[in-house]
1. For residues that are part of a helix (DSSP H, G or I) and among the small types (G, A, S), scanning just region 92-123, find the one that is surrounded by the fewest Cβ atoms within 10 Å (Cβ to Cβ).
2. Which of the residues belonging to region 131-158 are under 17 Å from the mean Cα position of the chain (by Cα) and either assigned to a helix (DSSP H, G or I) or free of Cβ contacts under 8 Å to residues at least 24 places away in the same chain (or both)?
3. Looking for whichever is touching a strand residue (DSSP E or B) at 6+ places or on another chain (Cβ under 6 Å) and among the hydrophobic types (A, V, I, L, M, F, W, C) here; the options are L73, L51, L58, L82. Which one fits?
4. With the condition kept exactly as written, say whether any residue in region 12-23 is at pLDDT 90 or above, assigned to a loop (DSSP other than H, G, I, E, B), out of contact with any helix residue (DSSP H, G or I) (no Cβ under 8 Å at 6 or more places or on another chain) and in the same structural domain as I184 (by TED's automatic domain parsing).
5. Consider V16 carefully, then state whether it is buried (at least 17 other Cβ atoms within 10 Å of the Cβ), among the β-branched types (V, I, T), in contact (Cβ under 8 Å) with a residue 40 or more places away in the chain and more than 30 Å from L191 (Cα to Cα).
6. If you scan region 64-73, which residues turn out to be surrounded by 14 or more Cβ atoms within 10 Å (Cβ to Cβ) and either at pLDDT 90 or above or outside any loop (DSSP other than H, G, I, E, B) (or both)?
7. Of all residues in region 141-154 being buried (at least 18 other Cβ atoms within 10 Å of the Cβ) and not polar (S, T, N, Q), which is modelled with the lowest pLDDT?
8. Tell me, which residue of region 49-63 that is of a type in the set (A, V, I, L, M, F, W, C) and in a helix (DSSP H, G or I) is nearest to Y30 (Cα to Cα)?
Amino acid sequence: MKKITTVFIDLDGVLVDWVNGMREYAGLPYSTFDCFRQDPSKLCHEAMNDLFGGKEILDKMMRERPPEFWYGLKKFPWADALINSMKAEFPISFLTKPGKNPHAASGKLKWKLDFYPDIPIIQTAEKYLCASETKVLIDDDTYQLNKFASAYGFILKWPNQFELEKLPMDYIQEVIINEFVDRIKDYEQTLE
């Protein structure tokens, strides 16, 4: 029977609060994302573009961020629990897209080295290139998940941060994270 060879965990939106990092970088108030707090399903690329004044303005801001932006991003409260639960059962690695900023890759690497020096990291715009039937991707981006699945990888969509911030940490650990572990184990049983 085959085994899971890697559980890839995305950074931005899963382990790292990129959304609030961008809000703080732009000097916008905490209330900027109240629309997402009221209805987490509204969080999408188009809504983010609108909140920052349009796609062109947000793209320009993303390209101009210094390396400190990336390694200064905050971990979500559930980051350690997700990593520790996955690491206890499977080999793990970070799989992240560096985006349009020339400093993103080095900043994300420094962040990883500061918080999780023993976990490997792959940075690529095309996450599906890492997919196979023995590999899993935990991500919050439907586009990346769909491409990974089309390359025969197993996918799990991580809830967005506004869905999770209303939940107690015990619930996130005992229900959501444990369910992800169980789903991967169930999938592993189907591998021949």
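1. To start, the set of residues in region 92-123 that are part of a helix (DSSP H, G or I) comprises 104-115.
Next, from what is left, pick out any that are among the small types (G, A, S): 104-107.
Working: A104: 21, A105: 18, S106: 15, G107: 21.
Applying the filter and picking the extreme gives S106.
2. Here is the first cut: in region 131-158, the ones under 17 Å from the mean Cα position of the chain (by Cα) are 131, 135-149, 153-158.
A131, T142, Y143, Q144, L145, N146, K147, F148, A149, I155, K157 - these are the residues of region 131-158 that are under 17 Å from the mean Cα position of the chain (by Cα) and either assigned to a helix (DSSP H, G or I) or free of Cβ contacts under 8 Å to residues at least 24 places away in the same chain (or both).
3. Values: L51 fails: touching a strand residue (DSSP E or B) at 6+ places or on another chain (Cβ under 6 Å); L58 fails: touching a strand residue (DSSP E or B) at 6+ places or on another chain (Cβ under 6 Å); L82 fails: touching a strand residue (DSSP E or B) at 6+ places or on another chain (Cβ under 6 Å).
Answer to the selection: L73.
4. In the first step, residues of region 12-23 are kept if they are at pLDDT 90 or above; the result is 12-23.
From what's left, assigned to a loop (DSSP other than H, G, I, E, B): 13-15, 17.
Restricting the remaining residues to those that are out of contact with any helix residue (DSSP H, G or I) (no Cβ under 8 Å at 6 or more places or on another chain) gives none.
For region 12-23, residues at pLDDT 90 or above, assigned to a loop (DSSP other than H, G, I, E, B), out of contact with any helix residue (DSSP H, G or I) (no Cβ under 8 Å at 6 or more places or on another chain) and in the same structural domain as I184 (by TED's automatic domain parsing): absent.
5. On the way: buried (at least 17 other Cβ atoms within 10 Å of the Cβ): yes; among the β-branched types (V, I, T): yes; in contact (Cβ under 8 Å) with a residue 40 or more places away in the chain: yes; more than 30 Å from L191 (Cα to Cα): yes.
So V16 fits the description; yes.
6. Step one: list which residues in region 64-73 are surrounded by 14 or more Cβ atoms within 10 Å (Cβ to Cβ), which gives 65, 67, 69-73.
Listed by number, the residues that qualify are P67, F69, W70, Y71, G72, L73.
7. Going through region 141-154, the residues buried (at least 18 other Cβ atoms within 10 Å of the Cβ) turn out to be 141, 144-145, 147-148, 153-154.
This time we only want the ones that are not polar (S, T, N, Q), so: 141, 145, 147-148, 153-154.
Values: D141: 94, L145: 98, K147: 98, F148: 98, G153: 98, F154: 98.
Only one residue tops the list, namely D141.
8. Going residue by residue through region 49-63, those that are of a type in the set (A, V, I, L, M, F, W, C) are 51-52, 57-58, 61-62.
Restricting the remaining residues to those that are in a helix (DSSP H, G or I) gives 51, 57-58, 61-62.
On the way: L51: 12, I57: 20, L58: 18, M61: 18, M62: 19 Å.
Among those residues, the one meeting the criterion is L51.
The values are calculated or read from the model by the stated rules, or taken from the named source; none is laboratory data. Bear in mind the structure is a predicted one, so any value in this text is a computation, not a measurement. Neighbour counts are summed over all protein chains in view; Cβ atoms, including those assigned to glycine, are modelled from backbone coordinates with ideal geometry.
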